[in-house]
């Protein structure tokens, strides 16, 4: 068995070999303080813009990273005591319209002509901020973590305007210094600019970036050089109160009305460290989860969408792997109100990052649920050029039990704790990445004390990509505030892929990929595996086609209903082996009508068969209306007593954007597997930057043989106030 210690040695060795100077550090743009006033109008004729440096001569990233971009772009930047200003001009050197999906904020990157700014104020090549807009003026903003990942759930106060004509489109923005975090006295920031032009299928970047990497890769960013250090941030406090009224129906047909007030406070402890406080938080405006067909034996993951948990979320939520998380914030406030919370997060300096969170939930006497406190401490230290070492401690504490029954302490243990360390490898050239971590759980009983450890190493250049990974979760490891759907196993996995690049023709690349994933018990007996061989075809118009052959083996570790519809269970210990053929296609995003499908045919449990077809359709009347639908059909044939089972999952969404400040989205979903109907309709008016009025209607109905129907109508007002 591969031991984590050996992989850790390899990770450290590769770190030493691959550490070096920032690859594109010589690409720099100077930013000078302006004496003139700037009007944000998308015209760019202010005197200030005549005295700036110009970033131009972008490099092509896609479809092929060889040479300069064919579409000209020019970027200018300046600043004053309050704001950073940016003017971007994008020339239409090829005839054709601009493509946009809608005016909705935080648009889908690949479906819009757009410009994105990536800022790395600490120049640590790991964390930062992103801002931008599509060609119709819809804004984009988010925080950056793990070197290139973007969290678009984060919102901040800034303004921008886009103007278009036949020759070009122009983006102009003002970003307040108080809306971002940066280190006092630093004169060099990491920076890059990215443009996507769908009519030519061209993605370009100010600095040269390999096509296998996203343009958000901070390791490949250039340098923003200030003429003097940015203004030292003064004490900054933001108050974000809310008030709401709600009408809600109950399953018995009765109705209740409710009013609620609460809000958040943001305090700048330093220029780069923030304190966030929340009292009586409400998340009624958050979009509902997308329903899915669930034929998995283990719990499914649904992402966090609540604003309070999102800024610097990587400090808390990215420890471990996607299936071994010691902390998962959606465990907090699950069916119980949150009374209050506090979070300190950000950069202590160029090398150290800190995350500290504490959340208090209410007790529910009628359910026997005690009050609970959730605490998380995360500390991260940068090592070498881009790698880091992290520490995390997670504590869930129950107290004020309604009664002293032993059954309550079994159902809601007095505490559950996790302590862990991890090492993250990120090479200076962005080719190598990896991770190694060790977690230990603590609980009142010995059954929930155990360890989890894992490590991986991967390599990715233009043609080759490969990786190796091992995981071990011991008997008794528990993470009640985490996401660990599977317990007590050893897993070895790996992948390898290669791409060919034709000199001409409709294909820009094509190639094979092999994925292997094998699970073992603690005696190293193989309990299940999935081996996948695939071949992908990537077209110059950004459409793609993929074929896969999947060889799968499952030995059931617990009784399982293979239809998950309430039919009899298969017995634990049963062994099943089957093959599946899968075909996936995504159409080009430039078309007003877009479509994709994912279909598979193969074996299933008990020598049965499963046919699955999933499809997504979209049509847009750009930029105001975007319509989409999604459906999934499963046809499962098994021997008695399951026989033939078939069910649909149907969803449709109408997204109407009257302007870039007024949005109306309606999502309808019907899941035949769970017999659940759901409707969510949300009207949002952003009447001032980061201040909103929401009107939200939600209906949930369980169909026969289940019963129960509820609906709610909520009016919520938030206001971002800077004293």
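No value in this document is a laboratory result; all are computed from the given coordinates. Being a predicted model, the structure only gives us computed values, none of them experimental. Here Cβ is always computed from backbone atoms with ideal geometry, including for glycine, and neighbour counts include all displayed protein chains.
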Expressed as a whole number of Å, what is the distance separating the alpha-carbon centroids of segment 657-723 and segment 549-601? 31 Å
Taking a ≥ b ≥ c as the square roots of the Cα gyration tensor eigenvalues, with a/c under 1.5 meaning rounded and otherwise prolate when a/b beats b/c, else oblate, which class fits segment 54-116? oblate
Rounded, prolate or oblate: which fits the chain, taking a ≥ b ≥ c as square roots of the Cα gyration tensor eigenvalues, rounded meaning a/c under 1.5, else prolate when a/b beats b/c? rounded
Please say if segment 499-674 is rounded, prolate or oblate, where rounded means a/c under 1.5 for a ≥ b ≥ c the square roots of the C-alpha gyration tensor eigenvalues, and otherwise the choice is prolate for a/b larger than b/c and oblate otherwise? oblate
So, relative contact order of segment 34-226 in percent, Cα under 8 Å, 6 or more apart, is 26 percent
Roughly speaking, what is the centre-to-centre gap between segment 478-514 and segment 288-349 when only Cα atoms are used, to the nearest Å? 23 Å
Could you tell me the distance between the Cα centroids of segment 426-448 and segment 76-99, to the nearest Å? 42 Å
Segment 617-723: relative contact order from alpha carbon pairs under 8 Å, six or more residues apart, as a whole percent, is 16 percent
Dividing the mean separation of Cα pairs under 8 Å (6+ apart) by the residue count of the chain yields a relative contact order in percent of 11 percent
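Hey, what number do you get for the chain at 222 nm if only DSSP H runs of n ≥ 4 count, each worth -39500 (n - 2.57), divided across all residues, to the nearest 500?
-1000 deg cm²/dmol
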Using a 10 Å cut-off around each Cβ, can you sort 672, 101 from fewest to most neighbouring Cβ atoms? 672, 101
